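The values are calculated or read from the model by the stated rules, or taken from the named source; none is laboratory data. Fair warning: this is a prediction, and the values are worked out from it, not measured in the lab. No Cβ is skipped: glycine too gets one built from the backbone with ideal geometry, and neighbour counts run over all protein chains shown.
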Amino acid sequence: MKILVAVKRVIDYNVKIRVKSDNTGVETANVKMSMNPFDEIGVEEALRIKEAGNASEVVAISLGGAKCQETIRTALAMGADRGIHVETDGVLEPLTLAKLMKAVVEREEPGLVILGKQAIDNDNGQTAQMLAALLGWPQGTFASKIDLQDSEALVTREVDGGLETVALGRPMVVSTDLRLNEPRYASLPNIMKAKKKPIDKYSPEDLSVAVEHRITVLKVEEPAGRQAGVIVESVEELVDKLRNEAKVI
Amino acid sequence: MSVLVYAEHKDGRILGGTLSAVTAAIALDQDVHLLVAGESCTDAADAASRMAGVTRVIQVDDPVYAHPLAEPMADLIVSLASGYDAVLAAHTTVGKNILPRAAALLDLAPIGDIMSVEGPDTFKRPIYAGNAIATVQTSESKKIITVRATAFDGAAPEGGEAPIESAPAAGDPGLSRFVGQELTKSERPELTAASIIISGGRGMQSGDNFHLLDTVADKLGAAVGASRAAVDAGFVPNDYQVGQTGKIVAPELYIAVGISGAIQHLAGMKDSKVIVAINKDEEAPIFQVADYGLVADLFKALPALSEALDKED
């Protein structure tokens, strides 16, 4: 079985983002970029499935501008076998991403597609579900455990209030949640090896998918700030303020 | 035309996130229908019909909907969608699972996690863990939307008299099966429904020490939460987590204990009405958003707080 795992290049999760002064978006020039953390978990899970003898090949796919190649190389350095880059400039909405990925899935025929549950930039969290829908495949979203069986997989999902386990027929789409695993670091020899691994390139035209924009971002603003309040001296003062000033207890 | 809201229900009650989604739906259109799908869900349909602002309840009673599996539920929404200008659900793990799937089947671009309705096609939603707010406009004639529950007051559960109409099931695509669930058992209110929350962070040092929070929580009728750092350290399960990668909450009172105030945690609680921070590090960023800060060792402050709450004011 082949596993296709999606990786997105995003602003590093440790960076405090800044909204552009013209309110058109978030400042990305000279900002550290990294692989979306949920996608790192996806790559790790694909590699563990392969290392357990349940997959033959791990293919990392990224969609976007030329620099997505760096993110694919990171996945290759972690241990993925080869990469696919669907190169296109500009913003890709989840529906378009799902259509492009569907076209790649039809060429590659993986038995499992893994995506992060959301990318930490736009926080849409929709692409995995939309890809599964377009393929007519089941979806195991927010996965904290994947247990591959003969004809199906048991996927444990992080849901409000606890965990839920579903049995999904194969092939399937899975989206990762935080506790699925702890991703490995790429070793230096593997980083060197990754430079020689192949990356196939496609354009949206190659895949016969139109890049559409159905949602327009009118403006991006800073959230309303909160003012720091007062420092109280004692627990008694705190309880007094909560009772008599804020009146919340 | 009208708006369809997908209802989450449990034990014959309509859940809070759905009440908020109804409020968002009313901002789009006065004709709001509630879809109650489940197995033996008549009590939930009755509860839905009594909700203020709901004009019709669509009840779909079938064993395939006993659990909200995305595959059959998305097919059901698709089967009903032609009569509506918009389909809404709460931005919960259920809504987030089902609605994007339904949207793709309808070839529609969905909008997730809206915080406000700015116009018939324009919405605000948080991006970058709530560190920026985007105003987005859709060109879709039919809108598929998930709603941030904390950003909308819930519709009143009583006051309406909507007719209940039943609709046929849309079949089982046979892709998925419910196996089981492990829900965290608690006598306390659920995080997303609680009016008071007390959360612990890495400063709690161990899971055992969370009993200090439990004692205070019991006296306040509060829910207990945690920061991602406390969850990652294994102190408490993941469903305690408040933050962008956990639950988004906005209670009347949020008490952060031993929590430094990482951006990702703030994104999950900064809309709380009153925030209290207890931390021994006076430089902790949590104090910048707190209405009341107490610089203290939590192992002394929590027992003292518990004792002070016992005293009459």
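A few points about this structure:
- Enumeration of residues in region A:138-151 that are within 7 Å of chain B (Cβ to nearest Cβ) and closer than 18 Å to B:N238 by Cβ: A:T141, A:F142
- Residue in region A:168-175 that is surrounded by fewer than 21 Cβ atoms within 10 Å (Cβ to Cβ), in a loop (DSSP other than H, G, I, E, B) and touching a Ser or Thr at 6+ places or on another chain (Cβ under 8 Å) present: yes
- Of everything listed in (1) at the interface with another protein chain (Cβ under 9 Å from one of its Cβ atoms); (2) crowded, with 16+ Cβ neighbours inside 10 Å; (3) not in a loop (DSSP other than H, G, I, E, B), the single unmet condition for B:E140 is (3).
- Restricting region A:59-107 to residues that are in a helix (DSSP H, G or I) and of a type in the set (D, E) leaves a set whose member that is surrounded by the fewest Cβ atoms within 10 Å (Cβ to Cβ) is A:E106.
- Within region A:1-58, the set of residues being assigned to a strand (DSSP E or B) and within 11 Å of A:A80 (Cβ to Cβ) comprises A:I3, A:L4, A:V5, A:E57, A:V58.
- Condition check for A:V211: in contact (Cβ under 8 Å) with a residue 60 or more places away in the chain, part of a loop (DSSP other than H, G, I, E, B), more than 7 Å from chain B (Cβ to nearest Cβ) and closer than 21 Å to A:N36 by Cβ: yes
- Flag for A:T156 being in a helix (DSSP H, G or I) and either touching a residue at least 60 places away in the same chain (Cβ under 8 Å) or β-branched (V, I, T) (or both): no
- Filtered residue count, region B:281-298, keeping only those that are touching a helix residue (DSSP H, G or I) at 6+ places or on another chain (Cβ under 7 Å) and more than 8 Å from every other protein chain (Cβ to nearest Cβ): 1
- Among (1) under 20 Å from A:E237 (Cα atoms); (2) surrounded by fewer than 19 Cβ atoms within 10 Å (Cβ to Cβ); (3) without any contact (Cβ under 8 Å) to a residue 24 or more places away in the chain; (4) not β-branched (V, I, T), the one test that B:L294 misses: (2)
- From the list A:L135, A:L154, the lone residue that is facing another protein chain (nearest Cβ under 10 Å), under 24 Å from A:V59 (Cα atoms), surrounded by fewer than 19 Cβ atoms within 10 Å (Cβ to Cβ) and of a type in the set (A, V, I, L, M) is A:L154.
- 1 or more residues basic (K, R) and modelled with pLDDT of 95 or more: qualifying helices (runs of 4 or more DSSP H) within region B:213-313: B:298-310
- When each of B:T192, B:T215 is tested for being within 13 Å of chain A (Cβ to nearest Cβ) and of a type outside the set (A, V, I, L, M, F, W, C), the lone residue that passes is B:T192.
- Test set (1) in contact with a strand residue (DSSP E or B) (Cβ under 8 Å, 6 or more places away or on another chain); (2) within 26 Å of A:P204 (Cβ to Cβ) - A:A98 fails condition number: (1)
- Any chance B:A129 is in a helix (DSSP H, G or I), within 28 Å of B:M269 (Cα to Cα), out of contact with any strand residue (DSSP E or B) (no Cβ under 9 Å at 6 or more places or on another chain) and facing chain A (nearest Cβ under 7 Å): yes
- Residue among A:K193, A:K197, A:K201 that is under 17 Å from A:V59 (Cα atoms), in contact with a Lys or Arg (Cβ under 6 Å, 6 or more places away or on another chain) and in contact (Cβ under 8 Å) with a residue 24 or more places away in the chain: A:K197
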